[in-house]
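Worksheet: one structure, shown below.
The values are calculated or read from the model by the stated rules, or taken from the named source; none is laboratory data. Because the structure is a prediction, the values reported are computed rather than measured. Cβ sites come from the backbone with ideal geometry, for glycine too, and all protein chains shown count toward neighbours.
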Amino acid sequence: MQTIYNTLNKIIEGMLVLIFSLLVLDVVWQVVSRYVVGQSSSFTEEFARFSLIWLTVLGAAYINGQKEGHLSMDFLLAKLPPKKQFKRHRVIQVIMAIFALVVMVIGGGNLVYITLKLGQLSPALLVPLGYVYAIVPLCGLIIIFFSIYHIKITFNPNSNEH
């Protein structure tokens, strides 16, 4: 499981760097084409919007996999004895996995299915919107994997990783 976790983190890191780099290039091209050429490109705004969606959702899944990455208020949790802290961490991970399953995988999967079934295309890039929204159920599955990983590995009181 550790190998899958490490590999998945490396893949997501690479995708985040690539998407962010493309977003920066896109915005720079938009500024250059608008102020130097005098006419902005028609696809740059839409591409920036779609890449920002992917960057945000994939970044949320990535941060979910990191132990100390999420912003949290754990003052009261830190006051609990270690055994109760582990139980609370497990409950939190189960709730996050259920949320990811219901909202992201099932809800996002329905959104992808409907938009692909209806044949909705983006106006400028003419990309099926189902492909743009496909990141939501994919990241839901990634969050579920990370939650299971944290339950089994990270928040194990007998493990040396916490």
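So the values come out like this:
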| read-out | value |
| --- | --- |
| Residue in segment 15-25 that is within 21 Å of A100 (Cα to Cα) and either among the small types (G, A, S) or assigned to a helix (DSSP H, G or I) (or both) present | yes |
| Flag if A48 is touching an Asp or Glu at 6+ places or on another chain (Cβ under 9 Å), on the phi < 0 side of the Ramachandran plot, among the aliphatic types (A, V, I, L, M) and at pLDDT 90 or above | yes |
| Subset of segment 16-60 (residues that are within 20 Å of P128 (Cβ to Cβ) and hydrophobic (A, V, I, L, M, F, W, C)) | I19, L22, F43, F47, A48, F50, L52, I53, W54, L55, V57, L58 |
| Any chance V136 is surrounded by 13 or more Cβ atoms within 10 Å (Cβ to Cβ) and either closer than 30 Å to M1 by Cβ or without any contact (Cβ under 8 Å) to a residue 60 or more places away in the chain (or both) | yes |
| Every residue from segment 139-162 that is among the polar types (S, T, N, Q), modelled with pLDDT under 90 and either buried (at least 19 other Cβ atoms within 10 Å of the Cβ) or not in a loop (DSSP other than H, G, I, E, B) (or both) | T154 |
| Helices (runs of 4 or more DSSP H) fully within segment 36-132 counting 1 or more residues that are crowded, with 16+ Cβ neighbours inside 10 Å and touching a residue at least 60 places away in the same chain (Cβ under 8 Å) | 44-65, 82-99 |
| Filtered residues of segment 1-27 (kept if under 13 Å from the mean Cα position of the chain (by Cα) and in contact (Cβ under 8 Å) with a residue 12 or more places away in the chain) | L8, N9, I12, E13, M15, L16, I19 |
